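Structure, as structure tokens:
The values are calculated or read from the model by the stated rules, or taken from the named source; none is laboratory data. On a predicted model such as this, the values are computed, not experimentally measured, just so you know. Cβ placement follows ideal geometry from the backbone for every residue including glycine, while neighbour counts extend to all protein chains displayed.
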Amino acid sequence: MNVIETNGLGKRYGGTWALRECTLAVPTGHVAALVGPNGAGKTTLLNLAVGLAPPTAGAVTVLGGQPAGSSAALDGIAFVAQDTPLYQNLPAADLLHLTRNLSRRFDQPYARARLDELGIPLNRKAGKLSGGQQAQLALTLALARRPRLLVLDEPVAMLDPVARHDFMATVLAATAADGVSVLLSSHVLAELERVADYLILLARGQVQVTGRVDDLLAARHLASLEALALSYLREDPAEVTR
């Protein structure tokens, strides 16, 4: 089963194509890394996959053929957007309550136990938490929905190395324990190298490389992956964290 499948998918904003002729199939059970320089179309692809925007061309389905944005699809997907957006004036307990009311399968005991394990007080407002704690709170809210697909858009870009490590360790634990499929967009190449077993490379709004990392290496695509890292450095050195 494919957790995400696209056919000729495209998105245009005005006269500019952010994504063009995107055709790919990501099998379930993987941590898939979505990589590419700024403006490559990564966030656009994620927004289309979770149903936050309609496509201009083509089609996208998730979770074995469910139309993106449909009720069945939304029930099985959790999304953590860039900068882990939270209601800054609400305490963690209220965010749990709000998310539980919006989700049919929200696991309240899991969420409370996880925040307690992380030392995140339920009565503290989200805006008063550290960056790492806010990221972990957002991830807890997502995982407590018991999704089949977890979509993460640049979740660790603003975190320090320790917080990045803790965040990604939680993601890997969820994939191992619950079989959650993950689609992860990030510029932090070192983290992607450590956790991802599937790769989607976007550049200039189009898919350049896609497949299992082991297969790509076995097929001598290593040079292409190394060229990708070099292209990051050439196009925008600030976007690479190693």
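Values as computed for the structure displayed
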{"item": "Any hit, region 7-19, residues being crowded, with 22+ Cβ neighbours inside 10 Å, of a type in the set (A, V, I, L, M), within 23 Å of Asp178 (Cα to Cα) and in contact (Cβ under 8 Å) with a residue 12 or more places away in the chain", "result": "no"}
{"item": "Number of the condition not met by Glu117 [criteria: (1) within 17 Å of Val180 (Cα to Cα); (2) among the acidic types (Asp, Glu); (3) without any contact (Cβ under 8 Å) to a residue 12 or more places away in the chain]", "result": "(1)"}
{"item": "Scope region 87-100; condition surrounded by fewer than 18 Cβ atoms within 10 Å (Cβ to Cβ), under 23 Å from the mean Cα position of the chain (by Cα) and either under 23 Å from Ser71 (Cβ atoms) or among the aromatic types (Phe, Trp, Tyr) (or both); matching residues", "result": "Tyr87, Leu98, Arg100"}
{"item": "Matching residues in region 79-117 - criterion: being among the polar types (S, T, N, Q) and modelled with pLDDT under 90", "result": "Gln82, Thr84, Ser103"}
{"item": "All positions within region 36-51 that are more than 11 Å from the chain's Cα centre (by Cα) and either surrounded by fewer than 22 Cβ atoms within 10 Å (Cβ to Cβ) or not polar (S, T, N, Q) (or both)", "result": "Gly36, Pro37, Asn38, Gly39, Ala40, Gly41, Leu48, Gly51"}
{"item": "Residue within region 40-51 that is in contact with a Phe, Trp or Tyr (Cβ under 8 Å, 6 or more places away or on another chain), of a type outside the set (Lys, Arg) and over 18 Å from Thr23 (Cβ atoms) present", "result": "yes"}
{"item": "Single residue of Thr84, Thr61 found to be touching a residue at least 24 places away in the same chain (Cβ under 8 Å), surrounded by fewer than 21 Cβ atoms within 10 Å (Cβ to Cβ) and closer than 21 Å to Leu183 by Cβ", "result": "Thr61"}
{"item": "Any hit, region 138-151, residues being of a type in the set (Gly, Ala, Ser), in contact with a Ser or Thr (Cβ under 8 Å, 6 or more places away or on another chain) and modelled with pLDDT under 95", "result": "yes"}
{"item": "Residues that are closer than 23 Å to Glu21 by Cα, surrounded by fewer than 17 Cβ atoms within 10 Å (Cβ to Cβ) and at pLDDT below 75, drawn from region 195-224", "result": "Ser224"}
{"item": "Residue that is nearest to Val80 (Cα to Cα) [pool: residues in region 32-59 that are in a loop (DSSP other than H, G, I, E, B) and hydrophobic (A, V, I, L, M, F, W, C)]", "result": "Val50"}
